[in-house]
Amino acid sequence: WPLASDDPTTGSWRESRAKALTRRYLEHSPTALLCMLVVDVDHHDTLLRALEEPRGHAMPTWIAESPTGRGHVGWILEAPVCRTDSARIAPMRYAARVEEGLRRSLDGDMGYAGLLTKNPLHEHWATTWGTDHLYSLGQLAESLGELMPRSLPRRAV
């Protein structure tokens, strides 16, 4: 039962998967697992940033743009990262570093919480489908090259 909404300013609610897929915004990964990395791009040229050559990142799985050109870019992981209290910390830190590298490569929004994303299946967004390849964190990190951070700050700036 993912969180979903048509307007996040009015709130979001848990709904069945079938109903959530009809909403403009939805939770891209369940609470316990990170299945997809998503970057929020607050620029009018999201599609160009995601697909231009040479890219500083792997080909995205999807790009969902609003009419203003702002959008979300997503990469689906081949193996989800566990993020429960009993999960190993190293994979979660590695996933956070990869996500930060992807954000840097697109000059994405540093304040994006990552809870709700534009539903790429909704007709309100102009969705461009990239590759159907499922990525490992290592593949995404390798594609980032120098944009991959060695570490993340211990405290939020």
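The values are calculated or read from the model by the stated rules, or taken from the named source; none is laboratory data. What you see is a predicted model, and the numbers here were worked out from it, not measured in a lab. For neighbour counting, all protein chains shown are included, and Cβ atoms are generated from backbone atoms with ideal geometry for every residue, glycine included. Heavy atoms of the whole protein, side chains included, go into the accessibility calculation; ligands, DNA and RNA do not. Shrake-Rupley method; radii C 1.70, N 1.55, O 1.52, S 1.80 Å.
Each row is one residue, and each column tells you yes or no for (1) open to solvent by less than 40 Å² (accessible area, probe 1.4 Å); (2) in contact (Cβ under 8 Å) with a residue 60 or more places away in the chain.
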residue: 78; (1), (2): no, no
residue: 83; (1), (2): no, no
residue: 96; (1), (2): yes, no
residue: 104; (1), (2): no, no
residue: 111; (1), (2): no, no
residue: 114; (1), (2): yes, yes
residue: 119; (1), (2): yes, yes
residue: 139; (1), (2): no, yes
residue: 144; (1), (2): yes, yes
Within the range 110-157, restricting to residues that are under 21 Å from residue 53 (Cα atoms) and in a loop (DSSP other than H, G, I, E, B), the one that is modelled with the lowest pLDDT is 148
Quick count over the range 1-54, residues being within 15 Å of residue 107 (Cβ to Cβ) and assigned to a helix (DSSP H, G or I), is 6
By residue number, the members of the range 42-73 that are touching a His at 6+ places or on another chain (Cβ under 7 Å), closer than 22 Å to residue 98 by Cβ and either modelled with pLDDT of 95 or more or among the polar types (S, T, N, Q) (or both) are 64
Residue 99 vs (1) under 26 Å from residue 3 (Cα atoms); (2) part of a loop (DSSP other than H, G, I, E, B); (3) among the acidic types (Asp, Glu): all pass except (2)
